[in-house]
Amino acid sequence: MRWTIEDTPERAAFREQVRGWLRENLPAGWADAIESGDADKLDQARKSWDFFGWSRTIGMSGYGAPLWPKEYGGLSGEPWMQNITREELARYRLPTVGLNILGVGLAGPTLIAHGNEEQKKRYLQKILTSEEVWCQLFSEPGSGSDLASAGARATRSNGEYIINGQKVWTSIAQMSHFGMLLARTDPDVPKHDGLSYFIVDMKSPGVDIRPLKQITGSSEFNEVYFNDVRIPAENLVGVEGDGWRVARTTLMNERVALSGLSLDSAAFAGGTRKDPWALFVDSIPNREDGRVRQFIAKSYVEKEVKEITQFRANMARMSGAQPGPEGGVTKVYNAEFNKWRSNGIMNANGPAAVAWDHGDSDSENRAHAFLRARANSIEGGTSEILRTQMGERILGLPREPEVDKGIPWKEIKRS
Amino acid sequence: MSTFGFTEEQNELRSTAARFLEEKSSSADVRRLMETSEGFDEATWKQIADLGWTGMAIPEEYGGVGFGFVELTVLMEEMGKKLFCAPYFSSVILATNAILNAGTEDQKKELLPGIADGTTRAALAFVEPSGKWEVDSAEVTANGGKISGTKSYVVDGATANLLIVSAKSGNGISLYVVDPDAEGVTRTALQTLDMTRKQAKIEFNNTPAKLLGEEGAGTAALQKTLEQAACLLSAEMVGGAQACLDASTTYAKERYQFGRPIGSFQAIKHKCANMLMEVEMARSAAYYAGWAAAEDPEELSLAASLAKAYCSDAFFHAAAENIQIHGGIGFTWEHDAHLYFRRAKSDEIYLGDATYHRELVAQKLGV
Ligand SMILES: Cc1cc2nc3c(=O)[nH]c(=O)nc-3n(C[C@H](O)[C@H](O)[C@H](O)COP(=O)(O)OP(=O)(O)OC[C@H]3O[C@@H](n4cnc5c(N)ncnc54)[C@H](O)[C@@H]3O)c2cc1C
């Protein structure tokens, strides 16, 4: 990152500390391979790599979430520490986001902001080590963009809540230990007022997870049915009826987490040995064609401005403060950029983009990236919804008339 | 988001500049000056010289204030917001950097103090009627201390009292210092789409010219000068784009149709949101470019093209949407929207448009 401002002595010392820690904790030869730029050696070192073991190691070190309080597994650090840590992880070709994306990116910050002491102690450290993976049980068949209209019911009974209803598009539910559940505790008040936020054990009796096949052919997301699922009252996050406020923290953090994801960071997570930009350029044929050159250059320009903007946003965000609506700016930009670029890669490859020999993994990956990118402007808030939010919350434009305002939830028209 | 990378002093400079320009570069000022042939106000020019703006990035030993490109980035962004009419880009940015990049020690001592104190308003004549931006495309010839041929698209070329001219001799391209009142100089003002920034055609006929620096060293010096200028023009475009976004959002809150402010319609709200995104991205590009110009000579060339490519498109888009959001009133002469639209197209094309710079980005990346 060439536009990184020069480290102050304090920052340089922290960077050295991160590097020192990485050198000590990476498999033998890894750090040397990076520092000497030896790709074969890196491949060699990678062979003995245990991803789960690594997740645990970094999760215990504090470097997994420098902004989190020390007592829950972070470093009680400042935003620049997170930036430096991510830069170093990227430099050492390590995933900047691990296995537990939703846990670290969404559930953790939400619990830090709204959870009680017991909840923080119980869940946060194990989120960081990926020992307990989390999913997000927000969307329902009838409530997507209009999440506050969610109808899954939570009824209080003898120190427990009983959940009935259906969630949908729940990513990685099948691998998760816990879920962040948004459910309706009071149908008689306006939609925002009757929601509560729960931690649900995904192994609870009555939780029925059914994978859904996506346009890519794989099944990342699921339908999740709740049939009289019992949740202890201590799993309520915040107070009953205040679930919308808690959920908004999750959503704001989701925007920030998704702004960072791109083809490039996916390549990092996949453990490629080459610099992602070089990989991208290599994947494009006919590089002497003027149109192809424009495409490559535009990809570079847009990627750079996006990363610099993220960097500026990180610098501006105060220590510990929750991200605000500005996360939408990079989320939407990233989504549209990914769609545009993965589409351009297809066109640049001509007929080979749409027909290939069985087992040609480069072509398969290209097609997969092209199809997967469609989700970027839907998941985590659609680009339309986020543009509306930018307009209203950043630019201060007037809201649209709300036809369901002040009306009890049970009387609202829903699909 | 806009605080990234600036010091306390630089932020201070920004607010001082904003206050000054608010007062001296109102819409009425801009409209008055754009109708004049000089295109700027002598008294205001004197004031910005007194504020140190004209010598901002000139080292102290040459009579300047000794700051650098980051400060120029701040000033250009603020000037761009208000379409400030002054020979600032021509003299303080193009010509000054040409002298700094090409001149000998003695020449810098001789030429720069005048620019720093505002008495000299220099212009850089490097493009020709062919309209090519490549620095080695010069056809004006130099021979025995005289130059002949035609330059064009010279920003503030008709009013400058010092000219820096590129010309070729047997030893390649060199830069020359020319007195615009010398014999054989004919200056003709051009009609400009952007009336707030004047341009001229200048013909030389055996005009006496003093070599600036070494003979044949003009290509590298000029190349660097234009890259530095592209960084700063990008900052100006960010300012312009921000002004368009501000105007659009303000209007979208005030204008009622169908019983609602038009900003409550998504078609309008989403246009504004897209402008916001592009303005923020453009700002990142321009700040990066300003930083590269100040701190990282190796990064300058790529950063300049990156910023020029991104900001050119972003400003034009913002200026165009600003007209659309204003409806009929946006199409009137009275409304400022067209002034930004004209500036946007002019800035976009000047020093090469986005397509041109993306090709340079590809080359610089080794693609
Ligand atoms: C790959 C993937 C993974 C996901 N993972 C999860 C997950 O783990 N957990 C979870 O809870 N959810 C998840 N989602 C769900 C996602 O958050 C929703 O799909 C999304 O919020 C949109 O809701 P919807 O699908 O009901 O579409 P709808 O809300 O019905 O929207 C349909 C269309 O209408 C537009 N629209 C709706 N309202 C407005 C409006 N007010 N103004 C303008 N346009 C509007 C939308 O932009 C969209 O284009 C995932 C989705 C995808 C694609």
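Once the piece of chain linking A:ASN116 and A:GLU400 is laid out straight, how much longer is it, given 0.36 nm per residue of separation minus the C-alpha distance between them? If you can, show how the numbers build up before the last one.
Values: separation 284, 0.36 × 284 = 102.24 nm, distance 3.59 nm.
Additional length available on full extension: 98.7 nm.
Across chain A, Cα pairs under 8 Å and at least six residues apart give a relative contact order of 14 percent.
Taking every protein chain into account, the 1.4 Å probe leaves A:LEU128 with about 10 Å² of accessible area, to the nearest ten. Neighbours of A:ARG56, meaning other residues whose beta-carbon lies under 12 angstrom from its beta-carbon, give a summed charge of -2 when Lys and Arg score +1 and Asp and Glu score -1.
Taking every protein chain into account, the 1.4 Å probe leaves A:TRP356 with about 100 Å² of accessible area, to the nearest ten.
What do you get for the angle between helix B:69-82 and the principal long axis of chain B? Use alpha-carbon atoms, 0 to 90 degrees, nearest ten. That helix lies at roughly 50 degrees to the long axis. Size estimate for the protein assembly as shown follows the Kirkwood approach: the inverse of mean 1/r over distinct Cα pairs works out to 28.9 Å.
Using a 1.4 Å probe and counting only protein heavy atoms, arrange B:TYR251, B:TYR153, A:TYR63 so the residue with the most accessible area comes first.
Numbers: B:TYR251 40, B:TYR153 85, A:TYR63 20 Å².
Putting B:TYR251, B:TYR153, A:TYR63 in descending order of accessible area: B:TYR153, B:TYR251, A:TYR63.
Note on B:GLU299: accessible area is roughly 20 Å² with a 1.4 Å probe, heavy atoms of protein only.
Here A:LYS203 is the anchor, and the lysines within straight C-alpha reach of less than 24 Å, apart from those fewer than 8 places off in the same chain, are A:LYS120, A:LYS121, A:LYS126, A:LYS167, A:LYS213. The convex hull around the C-alpha trace of chain A, projected and averaged over every direction, spans 22.2 square nanometres. Over the protein assembly as shown, DSSP H runs of length four or greater, each weighted -39,500 (n - 2.57), average out per residue to a 222 nm ellipticity of -15000 deg cm²/dmol.
Working from Cα pairs under 8 Å separated by at least six residues, relative contact order for chain B is 15 percent.
Within the protein assembly as shown, DSSP assigns beta bridges of which about 85% are antiparallel (rounded to the nearest 5).
Which entries in A:LYS298/B:LYS81; A:LYS298/B:LYS364; B:LYS108/B:LYS168; A:LYS405/B:LYS271; B:LYS46/B:LYS345; B:LYS82/B:LYS198 show an alpha-carbon gap greater than 18 Å? Please report the intermediate quantities before stating the final value.
On the way: A:LYS298/B:LYS81 26 Å; A:LYS298/B:LYS364 13 Å; B:LYS108/B:LYS168 22 Å; A:LYS405/B:LYS271 26 Å; B:LYS46/B:LYS345 29 Å; B:LYS82/B:LYS198 16 Å.
Where the Cα-Cα span goes over 18 Å, the pairs concerned are A:LYS298/B:LYS81; B:LYS108/B:LYS168; A:LYS405/B:LYS271; B:LYS46/B:LYS345.
Counting DSSP beta bridges with both partners in region A:113-264, what percentage is antiparallel, nearest 5?
On the way: 30 of 35 bridges.
The antiparallel fraction comes to roughly 85 percent.
Between helix A:9-25 and chain A there is an angle of about 90 degrees, using the helix long axis and the longest principal axis of the Cα atoms. For region A:9-96, the fraction of alpha-carbon pairs lying more than 19 Å apart is 38 percent, rounded to a whole number.
Net charge in the neighbourhood of B:THR186 (other residues with Cβ under 10 Å of its Cβ; Lys, Arg +1, Asp, Glu -1) is +1. For chain B, the longest principal axis of the Cα atoms and the long axis of helix B:8-24 meet at an angle of about 80 degrees. Local charge for B:PRO129 was computed over the other residues whose Cβ lies under 11 Å away, with Lys and Arg +1 and Asp and Glu -1, and equals 0.
The values are calculated or read from the model by the stated rules, or taken from the named source; none is laboratory data. Owing to the predicted nature of the structure, the values given are computational and were not obtained by experimental measurement. Here the Cβ is made from the backbone with ideal geometry for all residues, glycine too, and neighbour counts use every protein chain on show. Protein only, heavy atoms only, side chains kept; ligands, DNA and RNA dropped before computing areas. Shrake-Rupley method; radii C 1.70, N 1.55, O 1.52, S 1.80 Å.
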